[in-house]
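Taking it in order: structure first as C-alpha cells, then the write-up.
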Amino acid sequence: MKTCEYAGSPFEEPRSHPWLPTPGEAGARYYDLTATPANIRNSLEDFKPWAHYPSVEAFYKLLERLNHVSSVLESNDCAFEGPHPNESPAVIAKALQCSGRVMVLFRTLSRNTAPGEVLRLKNDLHAALSPLDPNFLSGTVGTTIVPVRYLKLPAEADQQLGTQLMISFWAWGNSELENMQNLGRLIKNLAQALRKVSSQLAA
C-alpha cells in the first residue's frame, strides 16, 4: 500500500476540537461520533451523493470502529470529493480520481498535547499500511500532523495546544465504477491498519 508524508494545506492558526463552523459553510457543524454513532450515516454531506457505492459504506464502518468505545482513537472531521478528472495524469495514468480525508486524534485529549504521541500515531500507521496489499497501485494514503487547540482542556499555560493526524487519501480509475472500487480497496486497507494501530496504542 502506497503512503506518503503530505504537506497539505497550510494551517496558519490551530484548528479547534470540537471544531467551529467555517464562515460560508452553511449547515457544517461538529458531531461527536463517539456519543452519537448514528450521525455517521446522516451527517457526512460530502459522502451522501456516493452512498450507493460499497466503498462509502466501508468508510462508514471504518468510522464506526474508529469511534467505538473500545478504540483509543476517534475522528474529528471528514471530507470527500467524488470522481473527477485526474489532476496528476503524469503520476498515474488513470482518467479519474477521488479524494478525501479524516482527522484522527486520541480519545484521551491530553495525549494529543503530550510530546511525541501523535507522531507515534503517524509512524505506526505508516508501518501498518506499508506491508498491506503491495500490488495495489491505484490508491495512496498521506499523513499530515496539524496543530489543534483542545477547547475542553484547561486554558492556562497553553495546556490546550496540541496536534492531531490528518489522514488524506486518493484513489484513481478509468471509470467512475473503477475509481470507487479502488477507493473501497484503499478504505479496506486503511481500516485494517487503524485497527492494528489502535490496539498497539492501547497497550
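The values are calculated or read from the model by the stated rules, or taken from the named source; none is laboratory data. The structure presented is a predicted model; accordingly, all values stated were derived computationally and were not measured. Neighbour counts run over all protein chains shown; Cβ positions are idealised from the backbone, glycine included.
Some notes on this structure:
- None of 110, 71 is outside any strand (DSSP E or B), buried (at least 18 other Cβ atoms within 10 Å of the Cβ) and not hydrophobic (A, V, I, L, M, F, W, C) except 71.
- Hey, residue 89 part of a loop (DSSP other than H, G, I, E, B), free of Cβ contacts under 8 Å to residues at least 60 places away in the same chain and within 24 Å of residue 154 (Cα to Cα) or not: no
- Flag for residue 4 being modelled with pLDDT of 80 or more, surrounded by 14 or more Cβ atoms within 10 Å (Cβ to Cβ) and not in a loop (DSSP other than H, G, I, E, B): no
- Residue match in the stretch 130-137 (condition: buried (at least 20 other Cβ atoms within 10 Å of the Cβ) and at pLDDT 95 or above): no
- Residues that are more than 15 Å from residue 143 (Cα to Cα), of a type in the set (A, V, I, L, M, F, W, C) and not in a loop (DSSP other than H, G, I, E, B) were ranked within the stretch 192-203; the one that is farthest from the chain's Cα centre (by Cα) is 202.
- Number of the exception - residue 156 against (1) surrounded by 15 or more Cβ atoms within 10 Å (Cβ to Cβ); (2) over 27 Å from residue 50 (Cα atoms): (1)
- Members of the stretch 113-126 that are among the hydrophobic types (A, V, I, L, M, F, W, C) and not in a loop (DSSP other than H, G, I, E, B): 118, 119, 121, 125
- Of all residues in the stretch 113-124, those being surrounded by 17 or more Cβ atoms within 10 Å (Cβ to Cβ), in contact (Cβ under 8 Å) with a residue 24 or more places away in the chain and of a type outside the set (Ser, Thr, Tyr) number 4.
- Applying the set (1) surrounded by 19 or more Cβ atoms within 10 Å (Cβ to Cβ); (2) outside any strand (DSSP E or B); (3) not hydroxyl-bearing (Ser, Thr, Tyr) to residue 103 leaves exactly one unmet item: (2).
- Within the option set 181, 164, being part of a helix (DSSP H, G or I), in contact (Cβ under 8 Å) with a residue 40 or more places away in the chain and not hydroxyl-bearing (Ser, Thr, Tyr) holds for one residue only, 181.
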